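Contents: one structure, followed by commentary.
The values are calculated or read from the model by the stated rules, or taken from the named source; none is laboratory data. Here the structure is a predicted model, which is why all the values come from computation and not from measurement. When we count neighbours, we look across all protein chains shown, and the Cβ atoms used for this are built from the backbone with ideal geometry, even at glycine.
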Amino acid sequence: MAKPILEMKGMCKRFGSTVALDKVDLTVYPGEIRGLIGENGSGKSTISSIAAGMQKADSGEMVFKGQRWNPASMVEALEQGFGMIVQEQGTVPGISIAENIFLGGISQFAHGPFIDRKKLMAAARQVLDRVGMDSVDPALPMGLLDMQDRKLVEIAKVIARAPDIFVVDETTTALSQIGREKIYELMREQKAADKSVLFISHDLDELLATCDTLTVLRDGKLGRSFTKDEFDPDLIRTSMIGRELQGDYYRSDTQATCRKEIALRAEHLTAGQAVQDVSLAVHKGEIVGVGGLSQCGMHDLGKILFGAIKPDAGSVTTGSGAAITSEAVAMKQGIGYVAKDRDVESLCLSASIQDNIAVAGMERYAVHDFLILGGRERKYVDQQIGELSIKCAGRDQQVSQLSGGNKQKVVFDKWIGRGSDVLILDCPTRGVDIGVKQAMYQLMVRLKGEGKSIVMISEEMPELIGMCDRLVVMKDGRVTKEFTRGPEMTDTEIIKYMI
């Protein structure tokens, strides 16, 4: 049997009182795609980030390519053949795409004190072609790219160094299906070259389809490892959460239900090429889904509905007739917005859980809407933390230290705590595990029952079919079809109007 390319033994890591890793062992072999799965906070990203040089373990030993391994940084790790694509943003907005790709290695293009930019751009062009960005100019500033293209640049940055281990941490959730197929292709190339992949994902189906082996982590401890011939979805899920899922996953009813009153209305919205003459109405107690391919315009539509983008034409109004002209107006009218790119648009990562939740709910705890009393604020925040069972060390913990699912709960708490009547949710379950997903779906059903209205924008067909009363399908900025909950709302029918 081949010698392991990576061995991690007895890895321990704490964040305050939270145990992230408790004596975890992990072994990866050449030519292997090893999946890593577990609930949010199970330790998946922590153990891979330690191996990649992002942070230090409290104790434990690592061996990489037969040598003791303790990289001082991600740059050093990448130089030595260990490349990791992080779950959230890992690019620098103030420099070019090409400079991002070769960040930390730009000296290879130096001639004396000068950088050979022609050579730099040519090298960047070659790598961008490999990740499907053949039409993108490598000289463009990084800040001009959307979330998906930024993620593809991160992938290009890693594969440019031809790493021996390629760690993919929740990357596919930020990509369209075309982008996902590209990264699967790169993973297969890595395996064929007798190199290794460590693939972290909450999507069990894609892990089962792409991995040779699968390791489960639970509560910072090593669970069970499965070989390809042992893959059993139900057994793996039970191993992840230590129990069988209780209650319904999606909605249990099969018919659309809502109240007669309109909660939010959009009429003839147009914004550049992204949104073209889109109209829709959302009733009280209704979940309206918006689906399509990543670039269909649905994400821009969500921002227009919240007043974050001003349309070139058309209007957004509440049921009472109030015009939504800005985010501030939307909030005053009881509208909340959960962004797809939560770390950039929905959270202040350097701030505490308390600050992130409290900032949107001031009307709920301030005296006469302006006087903030610490005790009232803390009580309000603790109530929200308990409401969604946020796994944390306490309200003062920095949000950046939370797992993806708990970060998303903080975002939800901001809007639910202030009593929002309309919630615009853009990819609300991106990067969260099946247990948290189920909790969010059950929360949406509860809010619907309370008469709240939800616009759910998603690239995941199963959750749109499972949760929505109506589904609006978009393609090239336009609405191509509207489905009502029922037998005809199937993925086979829906996809006809997406592509």
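A few notes on this one:
- Applying the criterion of at least 2 residues that are among the small types (G, A, S) and farther than 30 Å from T325 by Cβ to the strands (runs of 3 or more DSSP E) found wholly in segment 203-275 leaves 221-227.
- Residue check, S135 among the hydroxyl-bearing types (S, T, Y) and over 25 Å from E459 (Cα atoms): no
- Selection of segment 188-211 for residues being surrounded by fewer than 18 Cβ atoms within 10 Å (Cβ to Cβ) and touching a Phe, Trp or Tyr at 6+ places or on another chain (Cβ under 9 Å) yields E206, L208, A209.
- Scanning segment 317-332 for residues that are surrounded by 14 or more Cβ atoms within 10 Å (Cβ to Cβ), over 7 Å from G307 (Cα atoms) and more than 25 Å from the chain's Cα centre (by Cα) yields T317, T318, G319, A322, V329.
- The set of residues in segment 314-370 being among the aromatic types (F, W, Y) and either modelled with pLDDT of 95 or more or in contact with a helix residue (DSSP H, G or I) (Cβ under 6 Å, 6 or more places away or on another chain) (or both) consists of Y337, Y365.
- Residue pairs meeting the criteria (Cβ under 7 Å; at least 6 apart or on separate chains; first within 18 Å of A263 (Cβ to Cβ), in segment 420-441; second among the basic types (K, R) and surrounded by 20 or more Cβ atoms within 10 Å (Cβ to Cβ)): D421/K452; L423/K452; D426/K340
- Elements of type helices (runs of 4 or more DSSP H) contained in segment 344-432, each with 3 or more residues being under 16 Å from the mean Cα position of the chain (by Cα) and under 28 Å from M461 (Cβ atoms): 404-417
- Checking the stated criteria, G289 turns out to be touching an Asp or Glu at 6+ places or on another chain (Cβ under 9 Å) and either of a type in the set (G, A, S) or in a loop (DSSP other than H, G, I, E, B) (or both).
- Condition check for M11: touching a residue at least 40 places away in the same chain (Cβ under 8 Å) and aliphatic (A, V, I, L, M): yes
- With respect to being over 30 Å from A339 (Cα atoms), buried (at least 22 other Cβ atoms within 10 Å of the Cβ) and not hydroxyl-bearing (S, T, Y), I115 falls outside the description.
- Just one of the listed residues (A313, A281, A328) is in the same structural domain as E267 (by TED's automatic domain parsing), of a type in the set (A, V, I, L, M, F, W, C) and closer than 19 Å to L471 by Cα, and it is A281.
- Qualifying residue in segment 160-182 (condition: surrounded by fewer than 20 Cβ atoms within 10 Å (Cβ to Cβ), modelled with pLDDT of 90 or more and in a helix (DSSP H, G or I)): no
- Among the residues of segment 334-351, those identified as closer than 22 Å to M444 by Cα and either free of Cβ contacts under 8 Å to residues at least 60 places away in the same chain or aliphatic (A, V, I, L, M) (or both) are I335, V338, A339, E345, L347.
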